[in-house]
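These notes concern the structure reproduced below.
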Amino acid sequence: MTDLMLDLFRLNSRILTAGDRLVAGLGLTSARWQVLGTIAASDRPQPVAWLARDMGANRQNVQRIVNDLERGGLIAFATNPHHRRAQLVVLTDKGKLTFDAAMRLQAPWINRLADGLQIEEIATTHRVMTALRRKLEADGEGDEQA
(Lines give C-alpha, C1' and ligand atoms only; values in the text may rest on other atoms or scores of the structure.)
Protein backbone atom coordinates (compact mmCIF):
# COMPACT_ATOMS: atom_id res chain seq x y z
CA MET A 1 0.00 0.00 0.00
CA THR A 2 2.89 2.36 0.72
CA ASP A 3 4.28 1.78 -2.78
CA LEU A 4 0.81 2.52 -4.20
CA MET A 5 0.61 5.80 -2.27
CA LEU A 6 4.09 6.86 -3.37
CA ASP A 7 3.19 6.10 -6.97
CA LEU A 8 -0.04 8.08 -6.59
CA PHE A 9 1.97 11.08 -5.37
CA ARG A 10 4.27 10.78 -8.39
CA LEU A 11 1.32 10.34 -10.73
CA ASN A 12 -0.43 13.38 -9.26
CA SER A 13 2.69 15.48 -9.82
CA ARG A 14 2.97 14.30 -13.44
CA ILE A 15 -0.73 14.93 -14.08
CA LEU A 16 -0.47 18.48 -12.73
CA THR A 17 2.64 19.20 -14.80
CA ALA A 18 1.06 17.77 -17.96
CA GLY A 19 -2.17 19.67 -17.27
CA ASP A 20 -0.24 22.91 -16.80
CA ARG A 21 1.42 22.41 -20.19
CA LEU A 22 -1.83 21.41 -21.87
CA VAL A 23 -3.79 24.53 -20.87
CA ALA A 24 -0.99 27.11 -20.61
CA GLY A 25 -1.95 28.60 -23.96
CA LEU A 26 -5.40 29.34 -22.55
CA GLY A 27 -3.92 31.26 -19.63
CA LEU A 28 -4.78 28.46 -17.22
CA THR A 29 -2.95 26.20 -14.82
CA SER A 30 -4.11 22.77 -13.69
CA ALA A 31 -5.40 24.34 -10.47
CA ARG A 32 -7.39 27.01 -12.29
CA TRP A 33 -8.72 24.43 -14.72
CA GLN A 34 -9.80 22.20 -11.83
CA VAL A 35 -11.67 25.05 -10.16
CA LEU A 36 -13.35 26.02 -13.44
CA GLY A 37 -14.36 22.38 -13.90
CA THR A 38 -15.84 22.19 -10.43
CA ILE A 39 -17.85 25.36 -11.08
CA ALA A 40 -18.98 24.05 -14.49
CA ALA A 41 -20.04 20.70 -13.01
CA SER A 42 -22.13 22.27 -10.25
CA ASP A 43 -25.89 22.18 -10.62
CA ARG A 44 -26.09 25.74 -9.33
CA PRO A 45 -23.73 28.52 -8.25
CA GLN A 46 -21.93 27.78 -4.99
CA PRO A 47 -19.81 29.72 -2.52
CA VAL A 48 -16.06 29.10 -2.37
CA ALA A 49 -16.34 26.92 0.75
CA TRP A 50 -18.68 24.52 -1.04
CA LEU A 51 -16.46 24.39 -4.11
CA ALA A 52 -13.49 23.58 -1.87
CA ARG A 53 -15.47 20.83 -0.16
CA ASP A 54 -16.47 19.31 -3.51
CA MET A 55 -12.82 19.38 -4.61
CA GLY A 56 -11.48 18.03 -1.32
CA ALA A 57 -9.31 21.14 -1.20
CA ASN A 58 -8.38 23.85 1.26
CA ARG A 59 -10.86 26.74 1.19
CA GLN A 60 -8.14 29.39 1.34
CA ASN A 61 -6.34 27.89 -1.67
CA VAL A 62 -9.57 27.74 -3.66
CA GLN A 63 -10.36 31.35 -2.66
CA ARG A 64 -6.97 32.48 -3.96
CA ILE A 65 -7.57 30.70 -7.29
CA VAL A 66 -11.13 32.04 -7.55
CA ASN A 67 -9.79 35.56 -6.99
CA ASP A 68 -7.28 35.01 -9.82
CA LEU A 69 -10.04 33.71 -12.09
CA GLU A 70 -12.20 36.72 -11.26
CA ARG A 71 -9.36 39.12 -12.12
CA GLY A 72 -9.02 37.28 -15.44
CA GLY A 73 -12.73 37.67 -16.19
CA LEU A 74 -13.38 33.91 -16.10
CA ILE A 75 -15.74 33.97 -13.12
CA ALA A 76 -17.89 36.53 -11.39
CA PHE A 77 -19.42 36.79 -7.95
CA ALA A 78 -23.16 36.84 -7.42
CA THR A 79 -25.19 37.70 -4.34
CA ASN A 80 -25.99 34.70 -2.16
CA PRO A 81 -29.56 35.02 -0.85
CA HIS A 82 -28.75 32.57 1.97
CA HIS A 83 -25.53 34.15 3.24
CA ARG A 84 -24.63 37.81 3.02
CA ARG A 85 -20.83 37.39 3.00
CA ALA A 86 -20.39 34.09 1.12
CA GLN A 87 -20.90 35.19 -2.46
CA LEU A 88 -21.75 32.67 -5.15
CA VAL A 89 -19.18 31.87 -7.84
CA VAL A 90 -20.44 31.79 -11.43
CA LEU A 91 -18.73 31.24 -14.77
CA THR A 92 -18.70 34.18 -17.13
CA ASP A 93 -19.13 33.65 -20.86
CA LYS A 94 -15.35 33.96 -21.17
CA GLY A 95 -14.92 31.36 -18.42
CA LYS A 96 -17.26 28.92 -20.13
CA LEU A 97 -15.49 29.37 -23.47
CA THR A 98 -12.09 28.90 -21.83
CA PHE A 99 -13.23 25.79 -19.95
CA ASP A 100 -14.76 24.33 -23.13
CA ALA A 101 -11.49 24.99 -24.99
CA ALA A 102 -9.55 23.22 -22.22
CA MET A 103 -11.84 20.21 -22.48
CA ARG A 104 -11.33 20.08 -26.25
CA LEU A 105 -7.57 19.91 -25.58
CA GLN A 106 -8.10 17.30 -22.89
CA ALA A 107 -9.99 14.79 -25.06
CA PRO A 108 -7.09 13.68 -27.31
CA TRP A 109 -4.67 13.82 -24.36
CA ILE A 110 -6.83 11.54 -22.21
CA ASN A 111 -7.37 9.18 -25.13
CA ARG A 112 -3.57 8.87 -25.58
CA LEU A 113 -3.21 8.11 -21.86
CA ALA A 114 -5.90 5.43 -22.03
CA ASP A 115 -4.39 3.80 -25.12
CA GLY A 116 -3.45 0.20 -24.34
CA LEU A 117 -5.38 0.05 -21.06
CA GLN A 118 -8.33 -2.27 -20.68
CA ILE A 119 -11.69 -0.85 -19.59
CA GLU A 120 -11.76 -3.39 -16.75
CA GLU A 121 -8.36 -2.18 -15.49
CA ILE A 122 -9.53 1.42 -15.53
CA ALA A 123 -12.76 0.50 -13.72
CA THR A 124 -10.89 -1.49 -11.05
CA THR A 125 -8.41 1.33 -10.50
CA HIS A 126 -11.27 3.80 -10.19
CA ARG A 127 -13.04 1.60 -7.61
CA VAL A 128 -9.87 1.28 -5.50
CA MET A 129 -9.18 5.01 -5.62
CA THR A 130 -12.81 5.80 -4.70
CA ALA A 131 -12.69 3.37 -1.78
CA LEU A 132 -9.46 4.92 -0.47
CA ARG A 133 -10.87 8.45 -0.83
CA ARG A 134 -14.03 7.48 1.06
CA LYS A 135 -12.02 5.94 3.87
CA LEU A 136 -9.92 9.07 4.18
CA GLU A 137 -13.02 11.27 4.15
CA ALA A 138 -14.71 9.10 6.80
CA ASP A 139 -11.61 9.40 9.01
CA GLY A 140 -11.57 13.16 8.51
CA GLU A 141 -8.20 12.89 6.75
CA GLY A 142 -9.58 14.20 3.48
CA ASP A 143 -10.65 17.50 5.05
CA GLU A 144 -8.92 20.73 4.14
CA GLN A 145 -6.51 19.16 1.67
CA ALA A 146 -3.90 21.41 0.10
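The values are calculated or read from the model by the stated rules, or taken from the named source; none is laboratory data. Please read all numbers here as calculations on a predicted model, not as lab measurements. All Cβ positions, glycine included, derive from the backbone under ideal geometry; neighbour counts span all protein chains shown. Surface areas here come from the heavy atoms of the whole protein model, side chains and all, with no ligands, DNA or RNA. Shrake-Rupley method; radii C 1.70, N 1.55, O 1.52, S 1.80 Å.
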LEU74 accessible area, 1.4 Å probe, all protein chains in place, Å² to nearest 10
20 Å²
Sort out for me the Cα centre separation of the range 22-64 from the range 97-143, rounded to whole Å.
16 Å
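Leaving out ligands, DNA and RNA, and with a 1.4 Å probe, what % of the accessible surface on the chain is carbon or sulfur?
Working: 5560 of 10200 Å².
The nonpolar share, carbon plus sulfur, comes to 54 percent.
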Mind checking the per residue accessible area of the range 1-131 for me, 1.4 Å probe, whole number of Å²?
68 Å²
Using a 1.4 angstrom probe on the protein heavy atoms only, line up PHE9, PHE99 by accessible area, largest first.
PHE9, PHE99
A correct Stokes-Einstein calculation for the range 63-146, using the alpha-carbon Kirkwood radius, 4 °C and 1.567 mPa s, returns a whole-number D in µm² s⁻¹ of 79 µm²/s
With r as the distance between the Cβ atoms of THR29 and GLN118 and R0 = 25 Å, compute the FRET efficiency 1/(1 + (r/R0)^6) and round to 0.05.
0.20
Using a simple spin-label model with points 7 Å from Cα along the Cα→Cβ vector, what separation in nm is obtained for SER42 and VAL128?
3.4 nm
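Can you compute the FRET efficiency between ASN67 and ALA18 using 1/(1 + (r/R0)^6), with r the Cβ-Cβ distance and R0 = 35 Å? Round to the nearest 0.05. Before the final figure, lay out each step's value.
Working: r = 25 Å, r/R0 = 0.72.
For R0 = 35 Å, the calculated efficiency reads 0.90.
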Computed [θ] at 222 nm, deg cm²/dmol, the chain (DSSP H ≥ 4; -39,500 (n - 2.57); rounded to nearest 500)
-22000 deg cm²/dmol
What is the spread of the Cα atoms of the range 75-120 along each of their three principal axes, largest first, in whole Å?
51, 26, 10
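What number in nm² do you get for the chain if you take the convex hull of its Cα atoms and divide its surface by four? Don't jump to the answer; show the numbers that get you there.
On the way: hull surface 39.9 nm².
Over every viewing direction, the Cα hull of the chain projects on average to 10.0 nm².
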